[in-house]
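Take a look at the structure set out below.
The values are calculated or read from the model by the stated rules, or taken from the named source; none is laboratory data. Just so it is clear, the structure is predicted and the values come from calculations on it, not from any experiment. Backbone-built Cβ (ideal geometry, glycine too); neighbour counts: all protein chains shown. Surface accessibility is based on the protein's heavy atoms, side chains included, excluding ligands, DNA and RNA. Shrake-Rupley method; radii C 1.70, N 1.55, O 1.52, S 1.80 Å.
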Amino acid sequence: MKQTLSDLAIFGGNPAFAQPLYVGRPNIGDRQKLLERINNMLDRRWFSNNGPYVQEFEQAIAAYLGVKHCIAICNATVALEIAIRALGMTGEVIVPSFTFIATPHSLQWQQITPVFCDVDPKTHCLDPRKVESLITPKTSGIIGVHIWGTPCAIEELTEICQRRNLRLLFDAAHAFGCSFGETMIGNFGDAEVFSFHATKFINSFEGGAIVTNNDELAKKIRLMTNFGFAGYDEVIYIGTNGKMSEASAAMGLTSLESMDEIIAANHRNYQTYQTHLKDLPGLQLFQYPEQHRQNYQYIVLQLNAQLAGLHRDELQRLLWAEQITARRYFYPGCHRMEPYRSYFPHAYLLLPETETLVQQTLLLPNGTTLSQSDVETICQLINFIFANAADISTRLQREAHD
Ligand SMILES: Cc1ncc(COP(=O)(O)O)c(C=O)c1O
């Protein structure tokens, strides 16, 4: 427990934690079950090419989501590239800038221009009211991103795409296990893409999946994922290698079996953060909408420096010194990263909400490796920092000048 400013690790005190706490630390699930699966895989000598674990993983996901087709992919970035291509997107596609860089890169990688649209400050997802004015004769589609697992204006975007004859893809990298009302994410748009990267709440080391209810599209995606092979020697389509390995599927299946436990741990931590981070000036904890199912993976702080008397980056430095590796997310915004910064130097003028979010958001650790007492310690520390925000900020600035 910190009593004075000098107790803060940044000013020479002992760090609150002996070992670093990370955002996105992998959940493992039942280690024994994973090792059993890996052993079986080795015995079978079937490591890739639509092996039994990949098939089982795909069936488990499709059944859980109530979606017709699931194609497991080596990661979500390649999954996005394949889905974009299979949907025939060309020219320009509207995307948020407040997302991971893989979303626009998966377009630009195939010479499709990402057109950045601003987000709704409440949901952090694409603002459908701002989408329509960005549609041009070159626009072929929209990619909505369910940031933090929050459904991205599904009804509004679906309506716009139907009316304007555009393809609709959702980047659901964050949203496995989440719903829009009673319907699981995975059932919307022309297709949706999940990530099972190690940092996601369900992981397959590296991995992703494309899900769709469209039979034709699913067929095309399967061909594309495996070089266009329709049979042993028969290639009938241009394709790539997007296949998931058996080792990844073994981890994915093991992870799926622990899903309820992981969500319960995330939810419990989220509620503790909620209880202890109330009423701090200028600090908001992102509130998950009650009417949808959530995986509660992301603990998202938004900090208004003027009201708090402390900048987000100062809070981050303070927490890092305490071994809490809180992370800025999507900073400085995709539109301020290359090549987009050079292509569209004035993009920020149309992205005021994005510009604010990238300056204000900070993510805290969550997951099964975090205990209740860890969360309480983090919250106590943040409360102490806020109670002394002005003095801390002054001292940090003075020390930066010395
Ligand atoms: C919103 C979003 N889209 C796409 C990706 C890419 O996923 P992957 O790492 O599986 O390629 C991520 C990964 O973190 C993401 O957060």
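Key figures
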item	result
Pick from region 70-90, criterion within 17 Å of the chain's Cα centre (by Cα) and part of a helix (DSSP H, G or I), ranking: farthest from the ligand (Cβ to nearest atom)	E81
Answer residue from region 151-160, given it is crowded, with 21+ Cβ neighbours inside 10 Å and over 21 Å from T77 (Cβ atoms) and is nearest to the ligand (Cβ to nearest atom) among those	P151
Residues of region 96-111 that turn out to be in a loop (DSSP other than H, G, I, E, B) and open to solvent by 20 Å² or more (accessible area, probe 1.4 Å), as a count	5
Yes/no for G88 being in contact (Cβ under 8 Å) with a residue 24 or more places away in the chain and open to solvent by less than 10 Å² (accessible area, probe 1.4 Å)	no
Flag for P114 being open to solvent by less than 10 Å² (accessible area, probe 1.4 Å), touching a Pro at 6+ places or on another chain (Cβ under 7 Å), over 18 Å from H292 (Cα atoms) and in the same structural domain as K200 (by TED's automatic domain parsing)	yes
Unmet criterion (only one of (1) of a type outside the set (K, R); (2) in contact (Cβ under 8 Å) with a residue 24 or more places away in the chain; (3) within 27 Å of F176 (Cα to Cα)) for L310	(3)
Residue check for G177: part of a strand (DSSP E or B), under 13 Å from the mean Cα position of the chain (by Cα) and small (G, A, S)	no
Test: P121 is in a loop (DSSP other than H, G, I, E, B), assigned by TED's automatic domain parsing to the domain that holds N214, free of Cβ contacts under 8 Å to residues at least 60 places away in the same chain and open to solvent by 40 Å² or more (accessible area, probe 1.4 Å)	no
Qualifying positions in region 161-186 - more than 10 Å from the ligand (Cβ to nearest atom) and either within 19 Å of G367 (Cα to Cα) or open to solvent by 40 Å² or more (accessible area, probe 1.4 Å) (or both)	Q162, R163, R164, N165, R167, F176, G177, C178, F180, E182, T183
Region 196-229, subset polar (S, T, N, Q) and within 14 Å of the ligand (Cβ to nearest atom), residue most open to solvent (accessible area, probe 1.4 Å)	T199
Pair list, Cβ under 7 Å, 6 or more apart: region 180-204 residue assigned to a loop (DSSP other than H, G, I, E, B), other residue within 9 Å of the ligand (Cβ to nearest atom) and modelled with pLDDT under 95	T199/G24
Boolean, A62 is touching a strand residue (DSSP E or B) at 6+ places or on another chain (Cβ under 6 Å) and within 16 Å of the ligand (Cβ to nearest atom)	no
Residue among V131, V67, V93 that is more than 16 Å from the ligand (Cβ to nearest atom), not small (G, A, S) and not in a helix (DSSP H, G or I)	V67
Criterion (within 16 Å of the ligand (Cβ to nearest atom) and either acidic (D, E) or under 29 Å from D215 (Cα atoms) (or both)) met by exactly one of F98, F47, F57	F57
